[in-house]
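Here's the structure, in structure tokens; my notes come after.
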Amino acid sequence: MVEEGSSQKLNLVEDSFYISLALEEARRAAACKEVPVGAVVVCREKVVGRGRNRRETELDPTAHAEMGALRAASASLQSWRLPECTLYATLEPCVMCVGAMLQARISRLVFGCLDPKGGAVESLYRLCDDGRLNHRILVTRGVLEEECARILQDFFAGLRENKRSGKRAERWPSPAEGA
């Protein structure tokens, strides 16, 4: 039998590993001048879906990291129901993404940093544990929080610096993205 404390340490190591994979996806998004958000879906200790923000690239408002990871996981597992899966995201998911996770019956969500302007897990709404809905998602937050926040801060600082220096940015952040 594993003690509660060591179980939590094991989860933190595992959660940190998968959030680091989501951070790799976020870095790929940043390299494409997308807001650097990444996500992975894990089922039975296997990555079954990866996603990164691709809204600008695909000209699609639904092309969030979590949506891409959920689509890939569903294709990989040949099911829209993902009840044995955990979604790892670098940023607190929005209303749309939490809604998709609830529809997919994701069992657990792990995310890095809060999104005070759009978060639907803790910041603005608490959809993962809303008793009016037919599904609940267990949530762990703050895993690799500083790294997840830093990649976003650096991205937006770069956009602001380009704006101040008169350089034309390839894309300007929306007010909701924190510019």
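Number of residues in the range 112-146 that are part of a helix (DSSP H, G or I) and either surrounded by fewer than 16 Cβ atoms within 10 Å (Cβ to Cβ) or within 13 Å of the chain's Cα centre (by Cα) (or both) equals 3.
Output yes when any residue across the range 65-82 is surrounded by fewer than 18 Cβ atoms within 10 Å (Cβ to Cβ), in contact (Cβ under 8 Å) with a residue 12 or more places away in the chain and within 13 Å of Glu25 (Cβ to Cβ), and no when none is. There is no residue in the range 65-82 that is surrounded by fewer than 18 Cβ atoms within 10 Å (Cβ to Cβ), in contact (Cβ under 8 Å) with a residue 12 or more places away in the chain and within 13 Å of Glu25 (Cβ to Cβ). The residue of the range 65-93 that is farthest from Gly49 (Cα to Cα), among those that are in a strand (DSSP E or B) and not small (Gly, Ala, Ser), is Leu91.
For the range 85-100, does any single residue satisfy the condition of being of a type in the set (A, V, I, L, M, F, W, C), open to solvent by 60 Å² or more (accessible area, probe 1.4 Å), touching a residue at least 12 places away in the same chain (Cβ under 8 Å) and farther than 18 Å from Val47 by Cβ? Checking the range 85-100: at least one residue is of a type in the set (A, V, I, L, M, F, W, C), open to solvent by 60 Å² or more (accessible area, probe 1.4 Å), touching a residue at least 12 places away in the same chain (Cβ under 8 Å) and farther than 18 Å from Val47 by Cβ.
Annotation for the range 31-49: at least one member residue is closer than 15 Å to Leu152 by Cα, surrounded by fewer than 19 Cβ atoms within 10 Å (Cβ to Cβ) and touching a residue at least 12 places away in the same chain (Cβ under 8 Å). Among the residues of the range 10-37, those that are assigned to a helix (DSSP H, G or I) and touching a helix residue (DSSP H, G or I) at 6+ places or on another chain (Cβ under 9 Å) comprise Ile19, Ser20, Ala22, Leu23, Glu25, Ala26, Arg27, Ala29, Ala30.
What are the residues in the range 151-177 that are aliphatic (A, V, I, L, M), in a helix (DSSP H, G or I) and at pLDDT below 90, if any? Passing the criteria: Leu159, Ala176.
The values are calculated or read from the model by the stated rules, or taken from the named source; none is laboratory data. Everything numeric here is computed off the predicted structure, so don't read it as measured data. As a convention, Cβ positions derive from the backbone with ideal geometry for all residues, glycine included, and neighbour counts pool all protein chains shown. Just so you know, the surface numbers come from the protein's heavy atoms only, side chains and all, with ligands and any DNA or RNA stripped out. Shrake-Rupley method; radii C 1.70, N 1.55, O 1.52, S 1.80 Å.
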